[in-house]
Structure formats: C-alpha cells, structure tokens
Amino acid sequence: MEKLDRAFYLRDTVTVARELLGKRLCHWVGGALVAVEITETEAYTGVEDKACHSYGGRRTRRTQALYREGGHAYVYFIYGMYDLFNVVTESAQAPCAVLVRGARPVPGCEDAIAWLRFRKEYGELTPAQRRGLLDGPGKVCRGLGITREHNGMDLLGEELFIGAGASLGREFSIGVGKRINIGYAMEAVDFPYRFYCRFGDSDCKK
DNA sequence: CTTGCGATTCTA
DNA sequence: AGAATCGCAAGG
C-alpha cells in the first residue's frame, strides 16, 4: 500500500489534522495488517499553544519525539492507564503534532476486524460494537496495539504507517470544535483545533 | 525525593 | 459524578 510521504507531514499542523481524516492508519502486528480509518483528530501547534506538551519550548525526555521531523510517532502515557498516539508534524524546529482521537475499522479489511475482535474478546461484532472499539484516543492505541514502544518511530517505515489513498468509506464533511480535556490551557481552550468526520446522518463524535 | 495532576475510560 | 492508576515535570 502506498504511504503518505514526508512532504505530507511537513506541512502546517492544522492542515495535516484535517487531511488525516479518512486516511488509513496501519499497523503490521501479530501477523496481521491492522488498518483503520481515522475519523477524529486534534491539532497541537507547538511552542505557542498552551495545550501542547512542547509549549514554551519545553524539551524533556517525554517530549523528545515532538522535536523530530514530521512523519514520526509521538506516543505518550496518560492517566496511569492509557497510551495516546500522535503524528508529529512540520519541521524538527517546530514541535507540533496531531492527536488521533478516533477511528473505525475499514470495511472489508478482515485482518483488522479479526484483530479488533480478538482485542475485545468478542465472538461477533455488531456495527455499533465495531465503532465502539476505536471511538477514543486511548481506544485507538489499544485497538491497534500501539504502545510507548512505538514512540519516535518513523511512519515511513514498514511497521506503522498511514496509507496515502482516499477514504474507503462514504464521503464526509469536516466538523470543527474545541479540543477535549485541556481546561488548563487558558486562551488555547477555545482554539478550533478538533476535527471529525460528518456523515450526513451521523457525526463521528460522542 | 516529593507531589499534584493529566490530550481517558468505564461504571453508575 | 467518581474512581482507577502511574509517569511526568516542576519544585525543594
């Protein structure tokens, strides 16, 4: 499968966050290629964004991956329980990233369905259950088997990458809103940096 | 070394 | 609305 190239990730973070909607996030794991379609993202725009881990140029062991060139993974641990997957964007001088907040299984991708079913220990999955496997940033990592071991990984490699093709699902428009759970971020709480798929009848947000 | 708290999820 | 649960980052 053709992958998004470096140039895609080196662009403006908000643009990348919008354009990642509908793209296929893929992880080769356990002998299966697990592919899901991204339905919700948030942009974290770097040193001037109080909600971003690199705000003010903060550079610690945790934030190191943010200072890589665009197209790398930034995976960090939160709330004592969850790993969250981000796509690093822009140049190495601009520590920005896009948080993947939600996804859904790609129709017809049986490897992914089998993997997700295994993760949830379900026999069969209703459409609602399939959606519920990936409808939060912690669930995206759990569902795809992404952990902190993937922190800093190059998304142009073979194991973890994002497909360049158009969405396999239905057409959608882009919904915009404020980011979730960043109440501490002063003026940045109101930035319209959350993006989600709108499918006419139903939105991909809770 | 200590401590406050978080880009969440699940249950009620 | 609250608990679970622990690494990170800041401060002493």
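Values quoted throughout were computed directly from the atomic coordinates according to the rules given, and no laboratory measurement underlies them. Since the model is a prediction, treat every value here as computed from it, not as a measurement. Virtual Cβ from ideal backbone geometry, glycine too; neighbours counted across all protein chains shown.
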For every other residue with a beta carbon closer than 13 angstrom to the beta carbon of A:Arg11, add +1 if it is Lys or Arg and -1 if Asp or Glu, then tell me the sum. -3
Over chain A, with a Gaussian network built from C-alpha contacts below 10 Å, which listed residue (A:Ser91, A:Ser54, A:Ser173) shows the highest mean-square fluctuation? A:Ser173
Remind me, relative contact order of chain A in percent, using alpha carbon pairs under 8 angstrom and six or more residues apart? 28 percent
For chain A, the longest principal axis of the Cα atoms and the Cα long axis of helix A:110-120 enclose an angle in degrees, to the nearest 10, of 80 degrees
Among A:Arg179, A:Arg170, A:Arg62, determine the one that fluctuates most according to a GNM of chain A built with springs between C-alpha atoms less than 10 Å apart. A:Arg170
Most mobile of A:Leu133, A:Leu125, A:Leu21 in a GNM of chain A (Cα contacts under 10 Å): A:Leu125
Taking chain A and a Cβ-Cβ threshold of 4.7 Å, the cysteines left without a partner are A:Cys26, A:Cys52, A:Cys96, A:Cys109, A:Cys141
Taking R0 as 25 Å, what FRET efficiency do you get between A:Glu187 and A:Arg148 from their Cβ-Cβ distance, rounded to the nearest 0.05? 0.25
The relative contact order of region A:8-75, taking Cα pairs under 8 Å that sit 6 or more residues apart, comes to a percentage of 24 percent
Each residue of region A:56-71 in turn: what ³J(HN,Hα) in whole Hz from Karplus with 6.51, -1.76, 1.60 and θ = phi - 60°, glycine and Pro shown as x? x, x, 4, 9, 10, 4, 4, 7, 3, 4, 5, 8, 7, 5, x, x
Pull up all non-local amide H partners of A:Gly22: gap of 5 or more, or a different chain, and H-to-H distance under 5 Å with H placed in the peptide plane. A:Ile38, A:Thr39
When the charge dipole of region A:6-204 is computed with +1 on Lys and Arg Cβ and -1 on Asp and Glu Cβ about the Cα centre, the Cα farthest towards its positive end, among A:Val140, A:Thr63, A:Phe199, belongs to A:Thr63
Nearest 20 debye, what's the magnitude of the dipole of chain A about its Cα centre given +1 on Lys and Arg Cβ and -1 on Asp and Glu Cβ? 520 debye
Starting with the fewest neighbours, write out A:Lys23, A:Lys205 ranked by other beta-carbon atoms found within 10 Å of each beta-carbon. A:Lys205, A:Lys23
When a/c is below 1.5 the answer is rounded, else prolate if a/b is larger than b/c, else oblate, so apply that to chain A with a ≥ b ≥ c taken from the square roots of the Cα gyration tensor eigenvalues. prolate
Would you mind checking which residues have amide H under 5 Å from A:Thr89's amide H? H placed 1.01 Å from N; only 5 or more apart, or other chain. A:Gly71, A:Cys96, A:Ala97, A:Val98
Chain A: Lys pairs at Cα distance under 16 angstrom, eight or more positions apart or on different chains: 7
The long-range amide H neighbours of A:Lys3, using H built 1.01 Å from N in the peptide plane and a cut-off of under 5 Å, are A:Ala164
